[in-house]
Amino acid sequence: MTTDSSVVPARRSQLTKQPNNQEFNAIVTDFDRISAEQVSQKLTSAPATLIDIRDETSFGTGHINAAQHIDNQDVATFLDEADKALPLIVYCYHGNSSQNAARFFAEQGFIEVYSMDGGFEAWRALFPDTIDSDG
């Protein structure tokens, strides 16, 4: 994980009961929350996977030019085909739903996972020239 002090860690543990209902195991699900500026730096400094989890219409109207749209219908294919060794950056509308998605992807074995704070709206405000549309 990153050691950048401006990254807000969002580390979570989930407790799972064992069959005897008395012992617990902690499953650590790690991802970091990073700003749109930090996402831009990551995308220009090294290969990374950027995914947009908003609805298909919103993605088609405008998305970050390097982003791949992922929804419930194609997440299994994405999990099978994605390089889990590359950093994975997840964004949504405002940076809330992407945190749950980032946690999910961390649980699926991605080594370095980020949720973009402020989501697409923060990115669009800072980098309007990097928005693509499908229409």
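Output the residues belonging to region 44-74 that are within 20 Å of ASN100 (Cβ to Cβ), in contact (Cβ under 8 Å) with a residue 12 or more places away in the chain and either among the charged types (D, E, K, R) or in a helix (DSSP H, G or I) (or both).
ASP52, ARG54, ASP55, GLU56, SER58, PHE59, ASP71
Of the conditions (1) farther than 19 Å from SER35 by Cβ; (2) not in a helix (DSSP H, G or I), GLY95 satisfies every one except a single condition; which number is it?
(1)
When the residues of region 15-53 are filtered to those that are modelled with pLDDT of 95 or more and touching a Lys or Arg at 6+ places or on another chain (Cβ under 7 Å), which remaining residue is most open to solvent (accessible area, probe 1.4 Å)?
Ranking the candidates gives ALA48 first.
State which residue pairs qualify: first residue modelled with pLDDT of 95 or more and inside region 83-97, second residue assigned to a loop (DSSP other than H, G, I, E, B) and open to solvent by 70 Å² or more (accessible area, probe 1.4 Å) in any location, beta carbons under 7 Å apart, and separation of 6 or more residues or different chains.
LYS84/ILE111; ALA85/ILE111; LEU86/PRO47
Output the residue which, of all residues in region 90-128 that are buried (at least 17 other Cβ atoms within 10 Å of the Cβ) and among the polar types (S, T, N, Q), is nearest to LEU43 (Cα to Cα).
Result: SER115.
Kindly indicate whether any position in region 65-73 is under 15 Å from ASP32 (Cα atoms) and either surrounded by fewer than 17 Cβ atoms within 10 Å (Cβ to Cβ) or in contact with a Phe, Trp or Tyr (Cβ under 8 Å, 6 or more places away or on another chain) (or both).
Taking region 65-73 first, the residues under 15 Å from ASP32 (Cα atoms) are none.
Taking every residue of region 65-73 in turn, none turns out to be under 15 Å from ASP32 (Cα atoms) and either surrounded by fewer than 17 Cβ atoms within 10 Å (Cβ to Cβ) or in contact with a Phe, Trp or Tyr (Cβ under 8 Å, 6 or more places away or on another chain) (or both).
Looking at this structure, is PHE59 touching a Gly at 6+ places or on another chain (Cβ under 9 Å) and surrounded by 15 or more Cβ atoms within 10 Å (Cβ to Cβ)? Please lay out each step first, then the result.
Working: touching a Gly at 6+ places or on another chain (Cβ under 9 Å): no; surrounded by 15 or more Cβ atoms within 10 Å (Cβ to Cβ): yes.
Considered against the rule, which asks whether it is touching a Gly at 6+ places or on another chain (Cβ under 9 Å) and surrounded by 15 or more Cβ atoms within 10 Å (Cβ to Cβ), PHE59 comes out as no.
So, in region 75-84, exactly how many residues are surrounded by 14 or more Cβ atoms within 10 Å (Cβ to Cβ) and outside any helix (DSSP H, G or I)? If you could, list the steps in order and put the result at the bottom.
Initial filter on region 75-84 (surrounded by 14 or more Cβ atoms within 10 Å (Cβ to Cβ)): 75, 78-79, 82, 84.
Narrowing further to those that are outside any helix (DSSP H, G or I): 82, 84.
Counting residues in region 75-84 that are surrounded by 14 or more Cβ atoms within 10 Å (Cβ to Cβ) and outside any helix (DSSP H, G or I) gives 2.
The values are calculated or read from the model by the stated rules, or taken from the named source; none is laboratory data. The structure presented is a predicted model; accordingly, all values stated were derived computationally and were not measured. All Cβ positions, even for glycine, are placed from backbone atoms using ideal geometry, and neighbour counts span all protein chains on display. The protein model used for the area step is the full one, side chains on, heavy atoms only, and it has no ligands, DNA or RNA in it. Shrake-Rupley method; radii C 1.70, N 1.55, O 1.52, S 1.80 Å.
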